[in-house]
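Presented below is the structure to which this report refers.
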Protein chains: 2
Amino acid sequence: MVTLAEVAQHAGVSASTVSYVLSGKRSISTTTRRRVEESIRKLGYHPNAGARALASSRSNIIALMIPLRTDMYVPVMMEIAIAVATTARTHGYDVLLLTGEEGPDAVRRVTGSGLADAMIVMDVELDDERLPLLRETDRPSVLIGLPADTTGLTCVDLDFKATGALCVEHLATLGHRDIAVIGEAPAVYERHTGFAERTLDGLRTRSRELGLRLLHRPCEGGYDAMAATLARILDERPDTTGFVVQNEAAVEPLLALLRQQGRAVPEDVSVVAVCPEQVATQASVRLTSVAVPAQEMGRHAVEQLVAKLDGRGSDEVVLLAPELTVRASSGPAPVQS
Amino acid sequence: MVTLAEVAQHAGVSASTVSYVLSGKRSISTTTRRRVEESIRKLGYHPNAGARALASSRSNIIALMIPLRTDMYVPVMMEIAIAVATTARTHGYDVLLLTGEEGPDAVRRVTGSGLADAMIVMDVELDDERLPLLRETDRPSVLIGLPADTTGLTCVDLDFKATGALCVEHLATLGHRDIAVIGEAPAVYERHTGFAERTLDGLRTRSRELGLRLLHRPCEGGYDAMAATLARILDERPDTTGFVVQNEAAVEPLLALLRQQGRAVPEDVSVVAVCPEQVATQASVRLTSVAVPAQEMGRHAVEQLVAKLDGRGSDEVVLLAPELTVRASSGPAPVQS
DNA sequence: GAAAGCTGTCGAAGCGCTTCGACAGCCTAT
DNA sequence: ATAGGCTGTCGAAGCGCTTCGACAGCTTTC
């Protein structure tokens, strides 16, 4: 391993000079800088991460806590993770991958050991047990998601309430009066994951305002679960003509079932999905949808964090505005028979 | 931040004693050990990661390079990543997430800086440019995937050649003579990703041995692409009764199209998929499939790596045996008309 | 032309830990 | 009783870097 000292010797300067060339924290003459940079290149020098962290008490690592379970939104999680990793790199940070498994202990361990300078927490529950720790530590953090109480926290998320409202509005504009919501698996609601409840809130509030009838049914992914759920919905509300789906794994089964039952999309029923773009465009009917802006969320979270680490930035909640893209799965409600 | 020295003082012992309690590298009397442990608990001590890394030249971090593109196998990647992270934790390691973006430079940076003790590389291409670096560095590494030349490398992967053979055998046993393979996107083959080519190899070799007719067509995911590909296949080989699908995003579209064309699964045509279990069980027809053992691959990779870091273990290629699970999408070939 | 201010460089301290050698105190074997 | 061997503990060195204060050699200012 090449060390700073060796570079210094090779360039004929002191170690501190090399350090300052690297960090830019003091001015260095152009000639010296060039000589040092040349030596660094020639020797293939890479600063030792441990030594750096020890001396500067900065590890240049951002911790990312992802959910352990993979019962939902896997591609979204992955996209966020990748956006976080690439954005972090552009700011000189690396990303440490933590699973939710350890729970609050992971937070303690990471902040206590100085392993990471800051952390991003995904899959936040409404009353998450990690929140008190995040609030009291001096390490910056950003949540992707929205807990019940956001005081002293920085959050980034899609505005799911507005998303729900947007879906309902779209269907209402097309003349639909009876709308069914096919939601995430029951476990997701039981866990009080914020986004699911907020979407529902938006759906309900706006429906009421617009005088629509709304029926919400959670649904496991997969064909069989969807079949049962759909049967129930059509039994309870035979006049349903609008569907809002917030469960990737239910999208394709729903379309298949509707087709099978002779209900044409969008002529007889309209479907609006809340899902990644890829799912919407690759489905068997191109779906009118509100996209989950995974990449933007990841990027934004890192940028907030870097700002905080640089002493800029402050606690705030950023809710990204939803955008509804009209595709082939929604159209005017059929004329009342 | 609580330091080792403070713990030592609190427990009335020297710093080195505390260190030895923590590492277990020298014997410590039970009474002392207990006293120290008590102090650690009381003070909420966490060893400083940087200092540790510097003094021991061990960071206790494993780097995981995941592919940047998300054009295939996202859930598999995620499952591997999570398995790696959780397995690593049970051995006292954390995981650093690197995207393929930086390419070979990431390898240089990580090994040069001592950021990670070892690395796991996913999405290996047949002639990957990171391989020379991995071979010459003294840091252990494990590839998930199989390059063309494995000398001096440790690899874990599903035996995709055997997987291909297994799919063909299953269909042959059921009496199918004309088989079509719906593969990954063309880009995947152009990139010479090992698994795709190896599967194809297995499919072809075994077909030849069994006297079957085999047609391979790459396919982008999604409904439209699948429609075009299927039309082509049935045009070229109208007698096709067996399908092997190796592209998650093509599975559901294929089933929908077959249904739409009045080809019943499994009465008229059989479908065998190479995909994660979840996809197979949640599809609109429960799919006969060979599972990609993502979790096992991740776990195995970490265990190999830990063995190497402990001075045990050696270079070897481990190909996991494929297992075909018969479900509802395959059955006897229809009687020749 | 002396005081004051810059600029560019250096030396040394110290970050918190691991680990090596030393050694005190005790037990066992002769 | 004494040499030798264990066991448990300590002190000190050192890992490779950052950063602070010092200062030499300039330039500017009145």
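The values are calculated or read from the model by the stated rules, or taken from the named source; none is laboratory data. Since the model is a prediction, treat every value here as computed from it, not as a measurement. Because the Cβ atoms are built from the backbone with ideal geometry, glycine has one as well, and the counts that use them run over all protein chains shown. Heads up: the accessible areas ignore ligands, DNA and RNA and are worked out on the full protein's heavy atoms, side chains in. Shrake-Rupley method; radii C 1.70, N 1.55, O 1.52, S 1.80 Å.
Across the protein assembly as shown, how many lysine pairs separated by 8 or more positions, or lying on different chains, have Cα atoms within less than 25 Å?
Step by step, the pairs that qualify in the protein assembly as shown add up to 4.
Per-residue counts of other Cβ atoms within 10 Å, averaged by peptide: what ranking do you get for A:83-89, B:169-175, highest first?
Final packing ranking: A:83-89, B:169-175.
May I ask you to derive the relative contact order of chain A, considering only C-alpha pairs under 8 Å and at least 6 residues apart, and to give it as an integer percent?
18
Out of B:Ser270, B:Met226, B:His170, whose Cα points farthest toward the positive end of the dipole of the range B:160-291 (charges: +1 Lys, Arg; -1 Asp, Glu; placed on Cβ)?
Positive-end residue among those listed: B:His170.
Applying a 10 Å radius around every beta-carbon, put B:136-147, A:204-215 in order of their mean neighbour count, most first.
B:136-147, A:204-215
For the protein assembly as shown, take the convex hull of the Cα atoms, compute a quarter of its surface area, and give me that in nm², please.
34.5
Scan the range B:1-71 for trypsin sites (Lys or Arg not before Pro) in coil per DSSP, keeping those whose Cβ has at most 10 other Cβ atoms within 10 Å, and list them by number.
When the trypsin sites (Lys or Arg not before Pro) of the range B:1-71 are filtered for loop state and at most 10 Cβ neighbours within 10 Å, B:Lys25, B:Arg26 remain.
At 222 nm, what value in deg cm²/dmol follows for the protein assembly as shown if DSSP H runs of at least 4 each add -39500 (n - 2.57) and the sum is divided by all its residues, to the nearest 500?
Computed mean residue ellipticity for the protein assembly as shown: -14000 deg cm²/dmol.
Can you list, bin by bin at 5 Å, the percent of alpha carbon pairs in the range B:4-47, starting at 0?
Over the range B:4-47, the share of Cα pairs per 5 Å bin runs 5, 29, 40, 22, 4 percent.
Percent relative contact order of the range A:4-47, based on C-alpha pairs within less than 8 angstrom and at least six residues apart?
About 41 percent, as a whole number.
Enter the angle in degrees (range 0 to 90, nearest 10) between the Cα long axis of helix B:30-43 and the first principal axis of the Cα atoms of chain B, meaning the one along which they spread out most.
In chain B, helix B:30-43 runs at an angle near 70 degrees to the longest axis.
Would you mind giving the mean number of other chain beta-carbons within 10 Å of the Cβ of each residue in A:81-94, as a whole number?
Taking the mean over all residues of the peptide, I get 4.
Not counting ligands, DNA or RNA, and with a 1.4 Å probe, what is A:Cys167's accessible surface area in Å² rounded to the nearest 10?
Probe radius 1.4 Å; accessible area of A:Cys167 about 0 Å².
Take every residue in peptide A:49-60, count the Cβ atoms of other chains within 10 Å of its Cβ, and give the average of those counts.
Taking all residues of A:49-60 together, the mean is 6.
For chain B, with a Gaussian network of springs between Cα atoms less than 10 Å apart, report the residue from B:Gly44, B:Gly164, B:Gly222 with the top mean-square fluctuation.
The residue that fluctuates most here is B:Gly44.
Ratio to report: Rg/Rh of the range A:201-337, with Cα atoms as the point set and Rh obtained by the Kirkwood method; give two decimals.
1.08
Pull out a ≥ b ≥ c, the square roots of the eigenvalues of the alpha-carbon gyration tensor of chain A, then state rounded if a/c is under 1.5, prolate if not and a/b is larger than b/c, and oblate in the remaining case.
prolate
Please compute the average number of Cβ atoms from other chains found within 10 Å of each residue's Cβ in peptide A:102-112.
If you average over the peptide's residues, the count of other-chain Cβ atoms is 2.
Could you tell me which of rounded, prolate or oblate describes the range A:135-233, using a ≥ b ≥ c as the square roots of the eigenvalues of the alpha-carbon gyration tensor, with rounded for a/c under 1.5 and, failing that, prolate when a/b is larger than b/c and oblate otherwise?
oblate
Choose one of B:Ala185, B:Ala333, A:Ala250: the residue whose Cα lies farthest towards the positive end of the charge dipole of the protein assembly as shown (beta-carbon charges +1 Lys, Arg; -1 Asp, Glu; about the Cα centre).
The listed residue farthest towards the positive side: B:Ala185.
Quick check: the distance between the Cα centres of the range A:224-274 and the range B:1-65, to the nearest angstrom?
A separation of 58 Å, based on Cα centres.
How many angstrom lie between the Cα centre of the range A:139-186 and the Cα centre of the range A:82-132?
23
Nearest 10 degrees is fine. How inclined is helix B:104-113 to the longest principal axis of chain B, computing both from alpha carbons?
Tilt of helix B:104-113: around 20 degrees.
How long are the semi-axes of the equivalent ellipsoid of the range B:1-147, taking √(5λ) for every eigenvalue λ of the Cα gyration tensor, in whole Å from largest down?
That gives 39, 16, 12 Å for the three semi-axes.
Taking Cα atoms, how many degrees apart are the long axis of helix B:74-90 and the longest axis of chain B, rounded to 10 and kept between 0 and 90?
The two axes meet at around 30 degrees.
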